[in-house]
Amino acid sequence: DAGVIQSPRHEVTEMGQEVTLRCKPISGHNSLFWYRQTMMRGLELLIYFNNNVPIDDSGMPEDRFSAKMPNASFSTLKIQPSEPRDSAVYFCASSPGGTRGREPQHFGDGTRLSIL
Amino acid sequence: DQQVKQNSPSLSVQEGRISILNCDYTNSMFDYFLWYKKYPAEGPTFLISISSIKDKNEDGRFTVFLNKSAKHLSLHIVPSQPGDSAVYFCAASQEGGGADGLTFGKGTHLIIQP
C-alpha cells in the first residue's frame, strides 16, 4: 500500500521566492495534517484538514504561509515570500479521521526546505 | 510553553537490556498518548498508544506506562535490539480540543550499543 507521498524531498531556494510543498494522503483517509520540524521547536502542527476543509490553522506561523486541499487526494503548503527562518523539515500526515486524535497518523518522509 | 516534554535528548543502552524512555506533560486535558519512532530521512511511524483510562499497554517488546497523577508516561523496550536505534517522539491529544493534531515532545535519540 502506498503511504503518504510528499514532494519534493528536498528544496533549496533563495529568500523571497515562492515555495510550494505537495502531499498525497493515503487513499480513504479523511484527515490531513501539516507539521514542521525544527531543532528549536521540534514537531509543530501547522494546519489540519478534515474532509478537505481546513479545521484549525492556528499553528500557521504567519500570513506568508497558506495551505489548500482542493480534493481528497492532494494538498499543498505554500510559503510566499520565503525567509531563511522557514528552513525546516515539513511533514504531511493523514489519518482515517472520525475519532478525534484517536487514530494514529501516518507520516510522509518529509520535505527538507532550505531558504538561502 | 512546551506541553509535552522529553527531557533526555539522548539515551544509550546496551543490546539486550531494557530501554526506558520518559515523557512528561503539563496539559491535564490530554487523554490519549502515542509514541512514534523516527529513522533519519524518514517520517515518524506509529509505535504504540495508550488511553488515559488505562495505565499500561503492551505490544510485543514495547510497553507504555501512564501515571496520570504524575502526568508522566514511559516507553519500555525489552530486550533492546540494534534496529531500535532511532529518535522516539512522545505525542498527546485531547478530546474536544481545538485541533485534532498531535502535540509532540522534542524526541529522545535512542542508541543501542552492541
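The values are calculated or read from the model by the stated rules, or taken from the named source; none is laboratory data. As the structure is a computational prediction, the values presented were derived from the model and not from experiment. Note that each Cβ is placed from the backbone with ideal geometry, even for glycine, and that neighbours are counted across all protein chains shown. With ligands, DNA and RNA removed, areas are computed over all heavy atoms of the protein, side chains included. Shrake-Rupley method; radii C 1.70, N 1.55, O 1.52, S 1.80 Å.
Scanning the range A:107-116 for residues that are in a loop (DSSP other than H, G, I, E, B) and under 23 Å from B:PHE104 (Cα atoms) yields A:GLY108, A:ASP109, A:GLY110. Once the range B:1-17 is narrowed to residues that are part of a loop (DSSP other than H, G, I, E, B) and in contact with a strand residue (DSSP E or B) (Cβ under 6 Å, 6 or more places away or on another chain), the residue that is farthest from the other protein chains (Cβ to nearest Cβ) is B:GLU15. From the residues in the range A:107-116 that are under 11 Å from the mean Cα position of the chain (by Cα) and open to solvent by less than 20 Å² (accessible area, probe 1.4 Å), which one is farthest from B:SER93 (Cα to Cα)? The extreme case among them is A:THR111.
The set of residues in the range B:65-106 that are within 13 Å of chain A (Cβ to nearest Cβ) and open to solvent by less than 20 Å² (accessible area, probe 1.4 Å) comprises B:TYR88, B:PHE89, B:CYS90, B:ALA91, B:ALA92, B:SER93, B:GLY97, B:ASP100, B:GLY101, B:LEU102, B:PHE104, B:GLY105. Looking at B:PRO9, B:PRO79, just one residue is more than 20 Å from A:GLU103 (Cβ to Cβ) and at pLDDT below 95, and that residue is B:PRO9. Within the range B:26-43, the residues that satisfy the criterion of being within 14 Å of another protein chain (Cβ to nearest Cβ) and more than 30 Å from A:HIS10 (Cβ to Cβ) are B:ASN27, B:MET29, B:PHE30, B:ASP31, B:TYR32, B:PHE33. Every listed requirement among (1) aliphatic (A, V, I, L, M); (2) open to solvent by 10 Å² or more (accessible area, probe 1.4 Å); (3) away from every other protein chain (no Cβ under 14 Å) is met by B:LEU47 save one, (3). If the condition is being open to solvent by less than 40 Å² (accessible area, probe 1.4 Å) and part of a loop (DSSP other than H, G, I, E, B), then the range B:18-44 contributes B:ASN27, B:GLY43, B:PRO44.
Of all the listed residues (B:SER85, B:SER69, B:SER74, B:SER80), the sole one being over 28 Å from A:ASP56 (Cα atoms) and out of contact with any strand residue (DSSP E or B) (no Cβ under 9 Å at 6 or more places or on another chain) is B:SER69.
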